[in-house]
Amino acid sequence: MTTEAQITAWLASQKAAMLAELEEMVNTDGGSYDKPGVDRTGAQVRRFLESHGIRTEIVPGTKHGDCIRGFVEGGHAIGTGNQRSNIVLMGHRDTVFPQGEPERRPFRIEGGLAYGPGVADMKAGIVMNMFVLAAFAKFGGAPGPLVGLFTGDEEIGSPEGRPVIEAEARNARVVLNSEPGRVSGNVVKARKGGVFSVVDIEGKAAHSGGNFEAGISAIGEAANKIVAIHALTDLARGITLNVGLIQGGQSVNTTAPACQFQIDLRYIEPADRDEVMGAIHEIVARSYVPGTKARLAIKGEFLPLNPTPESTRLFSIYQASAADSGLKVEAEFTGGCADSGFTAALGAPTLCGVGPVGGKAHSPEEYLEVETVVPRAQAMARAILRLEQAGL
């Protein structure tokens, strides 16, 4: 048998084992702010990889989950010296769900669909990457070193994971990010960038009936700022602004001494980020209600994933590999953000959404199409084996 045939046959034989690993991972708490829970999933990843002879390394996180790196030796690398060599399989272990969610609705399979917190976004992709690494460790054949990077804080903008991801990207020959495949079965060729920021406004409390003139309303100031910020939306350019959270005030009969709101900015072109953020800073600096003060802080940020000639070639080889695994796959754009933008920004040809197919992420109805787990793993393995055919 060829190496490709050996690897794909072995992956086909591992469906039950994949689902068992997925069940354990889904039933483990792992919200982004639950470091012990995310680290328990990291221990599961390490235990599996090391049981297949794969060397692992921990990059500790201070507040959030540790990053886990797994290494599989491959054949000759592409070039020498400063040229990039590593084939990187990437994914995040954290979810958006509160502590105790797996106990409330544990992993289950019904009608060919698997359910549970994070089952598609993106614990199935993590498990898929684990088994693809194991397949290459068992049979060899990779055209270069493989690195599995399993991070722990993507859902909140990768505040600790980003520098680890960027360090990996600088030596990445290609990056395959196993976010869930689209409901259509497609992968992701492009994503918006995003900036998530918080505005704090200071006013002055006063009795709104007996001493109204002495008060300075932070909520009134926030209302003016929010209208101005929302007006920056430019759908034709793919720029959207959304204030999705707001809190403030003391009581209904008190002028609000404080108010806070949070902004979600999405954009496509990198230059648009600085233009819009500059406009937001001007709005925050302006006092619509005299006497108020405001400050802006960025809480998290993702960079856009935009196609390049190299990433287009990567998709072409993946598409052919998927076809040989029985899948019809196209590439599509999404407004959601992911860690793949960080690797693409540093010049690594990147393809996202190559994980098993799922939908309704971040909701109690999140699901995974069970029958896509094996063929998506096979498609990834085939694409890795054929990288040099694409000149990558």
Inset, instruction - With 29 Å as the limit, write out which pairs from Lys123/Lys192; Lys192/Lys360; Lys63/Lys328; Lys35/Lys328 have Cα-Cα distances beyond it, or answer none. - result: Lys63/Lys328; Lys35/Lys328
Inset, instruction - Evaluate the chain: find the radius of gyration of its Cα atoms, find its Kirkwood radius, and give the ratio Rg to Rh. - result: 1.05
Legend entry - Within the accessible area of segment 10-132 (1.4 Å probe), percent carbon and sulfur: 51 percent
Inset, instruction - Evaluate the Kirkwood expression for the hydrodynamic radius of segment 212-295, namely the inverse of the mean inverse distance over all pairs of different C-alpha atoms, and round to one decimal in Å. - result: 13.8 Å
Inset, instruction - May I ask you to order 8-15, 216-223, 129-136, 53-60 by the average number of other C-beta atoms within 10 Å around their residues, highest value first? - result: 129-136, 216-223, 8-15, 53-60
Legend entry - segment 265-392 - Rg and Dmax from Cα coordinates, angstrom: 20.0, 66
Legend entry - All lysines inside 25 Å of Lys204 as judged from Cα atoms, apart from same-chain residues fewer than 8 positions distant: Lys225, Lys293
Inset, instruction - Give, in whole angstrom and from largest to smallest, the semi-axes √(5λ) of the equivalent ellipsoid of segment 108-217, with λ running over the eigenvalues of the Cα gyration tensor. - result: 46, 21, 12
Legend entry - Listed residues Gly65, Gly181, Gly100, most fluctuating in the chain (Gaussian network, C-alpha, under 10 Å): Gly100
Legend entry - Sequence-distant aspartates and glutamates (8 or more away, or on other chains) whose Cα lies within less than 14 Å of Lys15: Glu23, Glu369, Glu371
Legend entry - DSSP-defined antiparallel bridges as percent of all bridges, segment 18-162, nearest 5: 65 percent
Inset, instruction - Among DSSP beta bridges whose residues both lie in the chain, state the antiparallel percentage, nearest 5. - result: 70 percent
Inset, instruction - Return one number: the angle in degrees, 0 to 90 and rounded to the nearest 10, between the long axis of the Cα atoms of helix 124-139 and the longest principal axis of the Cα atoms of the chain. - result: 30 degrees
Legend entry - Segments 118-126, 314-322 sorted - mean Cβ within 10 Å per residue, highest first: 118-126, 314-322
Legend entry - Nearest 10 degrees, 0 to 90: helix 373-385 Cα axis against the chain principal axis: 70 degrees
Legend entry - Solvent-accessible area per residue for the chain (1.4 angstrom probe, square angstrom): 41 Å²
Legend entry - Accessible carbon and sulfur surface of segment 158-260 relative to its total accessible area, %, 1.4 Å: 56 percent
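The values are calculated or read from the model by the stated rules, or taken from the named source; none is laboratory data. On a predicted model such as this, the values are computed, not experimentally measured, just so you know. A quick note on method: Cβ atoms are made from the backbone with ideal geometry, for glycine too, and the neighbour counts reach across all protein chains shown. Only protein heavy atoms, including side chains, enter the accessible area calculation; ligands, DNA and RNA are left aside. Shrake-Rupley method; radii C 1.70, N 1.55, O 1.52, S 1.80 Å.
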